[in-house]
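Report on one structure; see the data block that follows.
The values are calculated or read from the model by the stated rules, or taken from the named source; none is laboratory data. Note that the structure is predicted; figures quoted are calculated from it, not measured. Quick reminder, even Gly has a Cβ in these numbers, built from the backbone with ideal geometry, and neighbours come from all protein chains shown.
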Amino acid sequence: MGFKVLIIGCGAQGKVISTYMARAPDVDEIRLSDIDLEVCKRHADRLKSEKVSIHRVDASKIDEVTSLAEGVDVVVNAVVPRFNLSIMDAALKNGVHYVELAFGPPYENFEKELERSEKFKDRGLTALTGAGSAPGITNVLAAHAAERLDSVDAIHIRIFDSVESKEIVSTWSPETMFGDMAAEPVVYQNGEYKKVPPFSGEEVYSFPDPIGRQSVFWHIHEEVLTLPRFIGKGLRYVDLKLGSPDIPTIKSLVKLGLCSNEPREVKGVKVAPQDIILRLLPPSLSPEEIEEKIKAGVLIDAHQCYVIEVEGERACEKLTYTFSVNFPTLREVQKMLPGATHESYVTGVSAAIFTKMLGEGKIKTKGLVSSECLGREFREAFLAALAKEGIRIREKIERWLN
């Protein structure tokens with residue numbers, strides 16, 4: 001017997017998730033929704049699936065989401081995280097499982113979501129957070145290594161993303177990106193979370209080819225907030241560093257205060273500087289625009305890689321597990337899901353796999369669950385499903401001789 005899913009948001013991720021679901025034989029119905037119904041219509045026309053119906057919804061209005069979720073099995077939140085709590089409450093009110101890709105910015109959402117955990121548990125429901133690629137794949141791999149260690153000392157996550165284009169393009173939500181970049185990064189050390197200045201902690205890190213040695217900086221992200229809470233085993237240190245050729249430009253904007261959400265008065269009018277930047281930047285590319293820009297030679301290619309290092313001990317031996325997640329390039333992705341970007345493909349496919357396994361009843365834990373909390377059987381099935389979609393992961397184990 002199949003299951004029914006409601007997807008809130010028809011942006012870069014919602015399009016990939018709905019495409020994956022439309023191809024899955026055990027998904028009976030897909031309700032695709034967005035505040036812009038025309039966006040849903042164009043994507044539904046592209047999918048040409050009888051499973052898909054389109055709906056207009058305001059994600060900030062609990063009653064609208066609750067009404068739309070009636071009769072489905074899983075609600076997938078694929079909009080920016082500032083709508084998380086309203087969508088989560090609507091899922092709870094309607095008695096359905098809930099999936100979100102990330103909980104920040106604002107990262108204060110996490111504590112508020114945890115307050116709802118018992119309510120989900122009491123109703124026999126799962127609320128899954130960190131169900132994309134980072135967070136998501138990164139959390140699963142961290143847990144995969146931690147389970148094989150008697151104690152865990154440190155977890156380091158390194159990310160690099162490079163888009164080669166002849167013009168400025170947005171392959172991710174600009175609102176989420178600037179919210180992350182402007183926020184103070186958090187590092188977990190010796191039982192405490194400490195804030196560090198944006199773009200500090202610069203390090204030249206060696207990524208697998210073709211990326212190679214690149215500068216990365218501390219960056220706020222969900223993993224640093226959830227892994228210390230759920231991994232245990234004496235974990236002392238967690239950090240995440242991010243790199244991109246765009247970092248110098250973004251760093252300048254942040255230093256000038258242009259990424260701030262705090263309204264400033266300009267000629268008698270109050271305006272948030274970030275709103276101006278977001279207005280000037282192009283929105284995330286549609287699938288049709290991506291295909292057109294690739295064909296025209298404007299959007300050339302893109303590369304991204306995650307590296308997760310987990311240090312610890314087993315039987316008094318020091319070990320380091322290193323996982324490298326090399327994304328399919330932008331051009332490779334076009335052969336698998338035309339119109340997706342390298343990033344939306346990996347993140348959306350990951351979210352779809354999490355959702356599918358929840359809809360199939362393979363995730364048994366109730367209450368609020370971060371993806372590193374899922375057991376070995378789930379992790380192995382998840383990683384195998386990623387491999388079938390062209391997302392392959394390399395593992396290296398290093399042993400210390402002294």
Selection within region 15-52 - under 16 Å from Val65 (Cα atoms) and in contact with a helix residue (DSSP H, G or I) (Cβ under 8 Å, 6 or more places away or on another chain): Ile30, Arg31, Leu32, Ser33, Asp34
Residues of region 105-131 that turn out to be assigned to a loop (DSSP other than H, G, I, E, B) and buried (at least 22 other Cβ atoms within 10 Å of the Cβ), as a count: 2
Scan of region 352-402 for residues that are among the hydroxyl-bearing types (Ser, Thr, Tyr) and either at positive phi or modelled with pLDDT of 95 or more (or both), ordered by number: Thr355, Ser370, Ser371
Test result for Ile54, over 21 Å from the mean Cα position of the chain (by Cα), in a strand (DSSP E or B) and not assigned by TED's automatic domain parsing to the domain that holds Thr176: yes
Hits in region 276-324 - residues which are without any contact (Cβ under 8 Å) to a residue 12 or more places away in the chain and either out of contact with any Asp or Glu (no Cβ under 9 Å at 6 or more places or on another chain) or surrounded by 18 or more Cβ atoms within 10 Å (Cβ to Cβ) (or both): Arg279, Leu280, Glu289, Glu292, Lys295, Ala296
Condition check for Glu29: farther than 24 Å from Leu114 by Cβ, free of Cβ contacts under 8 Å to residues at least 12 places away in the same chain and over 22 Å from the mean Cα position of the chain (by Cα): no
Flag if Lys119 is in the same structural domain as Lys295 (by TED's automatic domain parsing), free of Cβ contacts under 8 Å to residues at least 60 places away in the same chain and more than 21 Å from Ser284 (Cα to Cα): no
Among (1) over 20 Å from the mean Cα position of the chain (by Cα); (2) in a strand (DSSP E or B) - the single one Ile308 does not satisfy: (1)
Residues of region 1-30 classified as surrounded by 24 or more Cβ atoms within 10 Å (Cβ to Cβ) and in a strand (DSSP E or B), total: 6
Residues satisfying the stated conditions in region 1-47, i.e. among the acidic types (Asp, Glu) and over 19 Å from Ser350 (Cβ atoms): Asp28, Glu29, Asp34, Asp36, Glu38, Asp45
Single condition Leu330 does not satisfy, out of (1) closer than 30 Å to Ile300 by Cα; (2) surrounded by fewer than 21 Cβ atoms within 10 Å (Cβ to Cβ); (3) touching a strand residue (DSSP E or B) at 6+ places or on another chain (Cβ under 9 Å); (4) not hydroxyl-bearing (Ser, Thr, Tyr): (2)
Residues of region 62-84 that turn out to be within 27 Å of Phe178 (Cα to Cα), surrounded by fewer than 24 Cβ atoms within 10 Å (Cβ to Cβ) and in contact with an Asp or Glu (Cβ under 7 Å, 6 or more places away or on another chain), as a count: 2
Criterion (in contact with a strand residue (DSSP E or B) (Cβ under 8 Å, 6 or more places away or on another chain), assigned to a loop (DSSP other than H, G, I, E, B) and surrounded by 18 or more Cβ atoms within 10 Å (Cβ to Cβ)) met by exactly one of Ala90, Ala59: Ala59
Candidates Thr171, Thr138, filtered to the one that is polar (S, T, N, Q), surrounded by 23 or more Cβ atoms within 10 Å (Cβ to Cβ) and either outside the structural domain of Gly104 (by TED's automatic domain parsing) or at pLDDT 95 or above (or both): Thr138
Cβ pairs under 7 Å, 6+ apart, first in region 142-162 and over 23 Å from Ala315 (Cβ atoms), second β-branched (Val, Ile, Thr) and part of a strand (DSSP E or B): Ile157/Ile308; Arg158/Val216; Arg158/Val307; Phe160/Val216
Residue among Ala385, Ala351 that is touching a residue at least 12 places away in the same chain (Cβ under 8 Å), aliphatic (A, V, I, L, M) and surrounded by 18 or more Cβ atoms within 10 Å (Cβ to Cβ): Ala351
Some residue of region 327-340 being in contact with a Leu (Cβ under 6 Å, 6 or more places away or on another chain), outside any helix (DSSP H, G or I) and not assigned by TED's automatic domain parsing to the domain that holds Gln13: no
Residue selected from region 185-199 under the condition part of a loop (DSSP other than H, G, I, E, B) and surrounded by 13 or more Cβ atoms within 10 Å (Cβ to Cβ), by the criterion farthest from the chain's Cα centre (by Cα): Val196
